[in-house]
1. Of the conditions (1) in a loop (DSSP other than H, G, I, E, B); (2) under 30 Å from Phe265 (Cβ atoms); (3) touching a residue at least 40 places away in the same chain (Cβ under 8 Å), Gly288 fails just one. Which one is it?
2. Of the residues in region 371-408, how many are in a strand (DSSP E or B) and more than 30 Å from Lys139 (Cα to Cα)?
3. Could you pull out the residue among Gly193, Gly154, Gly174 that is at pLDDT 95 or above and touching a helix residue (DSSP H, G or I) at 6+ places or on another chain (Cβ under 6 Å)?
4. Do you know which residues across region 294-338 are within 26 Å of the chain's Cα centre (by Cα) and among the basic types (Lys, Arg)?
5. From the list Gly435, Gly460, which one is open to solvent by 20 Å² or more (accessible area, probe 1.4 Å) and within 30 Å of Ala310 (Cα to Cα)?
6. Scan Leu433, Leu453, Leu471 and give me the residue that is within 23 Å of Glu218 (Cβ to Cβ), more than 20 Å from the chain's Cα centre (by Cα) and not small (Gly, Ala, Ser).
7. Scan Thr186, Thr236 and give me the residue that is among the hydroxyl-bearing types (Ser, Thr, Tyr), within 22 Å of Tyr100 (Cβ to Cβ) and either open to solvent by less than 10 Å² (accessible area, probe 1.4 Å) or in contact (Cβ under 8 Å) with a residue 24 or more places away in the chain (or both).
8. Looking at (1) at pLDDT 95 or above; (2) hydroxyl-bearing (Ser, Thr, Tyr); (3) open to solvent by 80 Å² or more (accessible area, probe 1.4 Å), which one does Ser350 not meet, given that it meets all the others?
Amino acid sequence: MHHMTLAEIARGLADKKFSSVELTQTLLARIAQLDPQINSFISLTQDLALSQAKAADERRANGESGALLGAPIAHKDLFCTQDIRTSCGSKMLDNFKAPYDATVVAKLAAAGAVTLGKTNMDEFAMGSANESSWYGAVKNPWNLEHVPGGSSGGSAAAVAARLLPAATATDTGGSIRQPAAFTNLTGLKPTYGRVSRWGMIAYASSLDQGGPLARTAEDCAILLQGMAGFDPNDSTSIDEPVPDYSAGLNGSLQGLRIGVPKEYFSAGLDPRIAELIHNSIKELEKLGAVIKEISLPNMQHAIPAYYVIAPAEASSNLSRFDGVRFGYRCENPENLEDLYKRSRGEGFGSEVQRRIMVGAYALSAGYYDAYYLKAQKIRRLVKNDFMSAFNEVDIILGPTTPNPAWKLGAKSSDPVAAYLEDVYTITANLAGLPGLSMPAGFVDGLPVGVQLLAPYFQEGRLLNVAHQYQLNTDWHTRTPTGF
């Protein structure tokens, strides 16, 4: 059962080939057996999962149906879950149990999804390798000596290892798409505002967006259907109708205009990945797509702009964790200043401290105009580049990452080298656009992803292209040895 996709599970449950309780018990046993190798979970919720599975079976017995009814998933550990630890991968929140469910969690629970647990992540979603978690690094099932990508590496590794069919994740600068590429999955970052951020612990509020990680575009469509929608509790949520994503998967690609930015194929891209991307382009051409070279001239400025804006917002968002209201508190503080300093110094890891300091500096008097304001102007230029490009093409295609997954610890002493791995993904977050990564082949036995970007609220178009591609290729069906 562990090799079944969400779509196959939905059909199996509908045909009464197995029950949700049986499926849940099987996957919980598999997690207990295999997860110690990859460290993809922070918390398991066996009792909750079995009670939800039992309730889902009863709902089906009473005539209800639904693609997510009885389907097992997991949540990245920054989605608040009532009375269950929500740690954000940090010592700071190791003892925090949320008093409510995030909107995403509540919506998926209402649809009948079964929560198996909370997945490991880079601390406060800051990282590209899932090595900054206080609970230890997550390992890539394709090669346990390599990173799974971050910050949603726990969700990605768990799905790639067939511990569960799909999981929620978040993407601030590529944290859904990059782990998807590194672990041979399909991952979708929706348009900013498409999925509610209420109850999703913030890293950078204007960039964060929740989305699905799964093995196929079909499964991402199912999970996104349950996650998307307007939320009056979230002031950044956009009241835009949610289409039937599954119904749009089978549309023809005949005449689809695909733009390939010339800036993507620079010296920084591994030539073996470039070859796989070109192979993907040929596959889509066979399906009727028309390829056109385009330009995104301000892409070169995206990384420095992002690494000013994101830390600036993080320094503001994380100021609430001070040892007073909730979270970690140091022992025996001498005074209030000592309480603040030691609680934050002991509760936050080095990567989080680094970004808080960069952000506080960028927002400080005398530097705001030079750094933060200039970065916001660059952000607008990046968005304008995309708007111009989408006047000529329907989607944009390119690599998800410039290199395959690196070895654990290889970039730990050089944060900038890790930051540069986000070069293809962060532009979508700066502009608020939807982006998808899908499997495109392997380099040295490690997965490679191809990225698709579309205009606002065109997630259905991305899923359609990815699904048609996956009907004609088999990269997404490959399974890591031992799992």
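The values are calculated or read from the model by the stated rules, or taken from the named source; none is laboratory data. It should be emphasised that the depicted structure is a prediction, and the values quoted were computed from it without experimental measurement. When we count neighbours, we look across all protein chains shown, and the Cβ atoms used for this are built from the backbone with ideal geometry, even at glycine. All accessible areas refer to the heavy atoms of the entire protein, side chains included, with ligands and DNA or RNA removed. Shrake-Rupley method; radii C 1.70, N 1.55, O 1.52, S 1.80 Å.
1. (3)
2. Residues that pass the stated criteria total 2.
3. The conditions single out Gly174.
4. Correct list: Arg320 only.
5. Gly460
6. Matching residue, one of Leu433, Leu453, Leu471: Leu471.
7. None of the other options fit; the residue is Thr236.
8. So Ser350 meets the others, but not (1).
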